[in-house]
Amino acid sequence: MTTNLQITCPDAAAHSAKNAPTAPGPDQPAKDSKGFPMVEEETRAYAARTRERAVRQLNAGLDVVSEWVNLVRQCTEMRTDSFRNEDLFTDASYREALGRFAQLSAAVTWFNERGPVIEAGEVL
């Protein structure tokens, strides 16, 4: 035997009507060819300026981290008494510094490549 339980509330109909999807009206934003709302020109310009600032700051950060990795390498050379890459890569601190640099470098590359696409509203 199956029992159906229906809970009703006097405000349920009003709530459903209020939250129901509506057809686009004259106050709705224009849609692009993929059906996404088009971004206003001011918003697009602000997004571009923000992305450009982010790119500058990310690249500056990458420069500083590169300098730091070079200092870690110099310390590793002194500690191992070697300049050979094979000897330096055995040092855990140097390997970790290189790994952090690689992560940041990959993030900067990703942002430079994907930033404009994301800003344009495209989705993979």
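Out of segment 21-80, which residues are β-branched (Val, Ile, Thr) and at pLDDT 85 or above?
Thr50, Val55, Val64, Val65, Val69, Val72, Thr76, Thr80
Could you list, in sequence order, all residues of segment 68-116 that are among the hydroxyl-bearing types (Ser, Thr, Tyr) and open to solvent by 90 Å² or more (accessible area, probe 1.4 Å)?
Listed by number, the list holds a single entry, Thr90.
Determine the pairs where a residue that is assigned to a helix (DSSP H, G or I), located within segment 81-99, has a partner that is among the aliphatic types (A, V, I, L, M) with Cβ atoms under 6 Å apart, the partner being 6 or more residues away or on another chain.
Between residues of segment 81-99 that are assigned to a helix (DSSP H, G or I) and residues that are among the aliphatic types (A, V, I, L, M), the close pairs are Tyr94/Val72; Tyr94/Leu88; Ala97/Val69; Ala97/Val72.
Only one of these is of a type outside the set (Asp, Glu) and under 30 Å from Arg44 (Cα atoms): Ala97, Ala102, Ala107, Ala92. Name it.
Ala107
The values are calculated or read from the model by the stated rules, or taken from the named source; none is laboratory data. For clarity, every value in this text was computed on a predicted model and none was experimentally measured. Note that we place each Cβ from the backbone using ideal geometry, even for glycine, and neighbour counts take in every protein chain shown. With ligands, DNA and RNA removed, areas are computed over all heavy atoms of the protein, side chains included. Shrake-Rupley method; radii C 1.70, N 1.55, O 1.52, S 1.80 Å.
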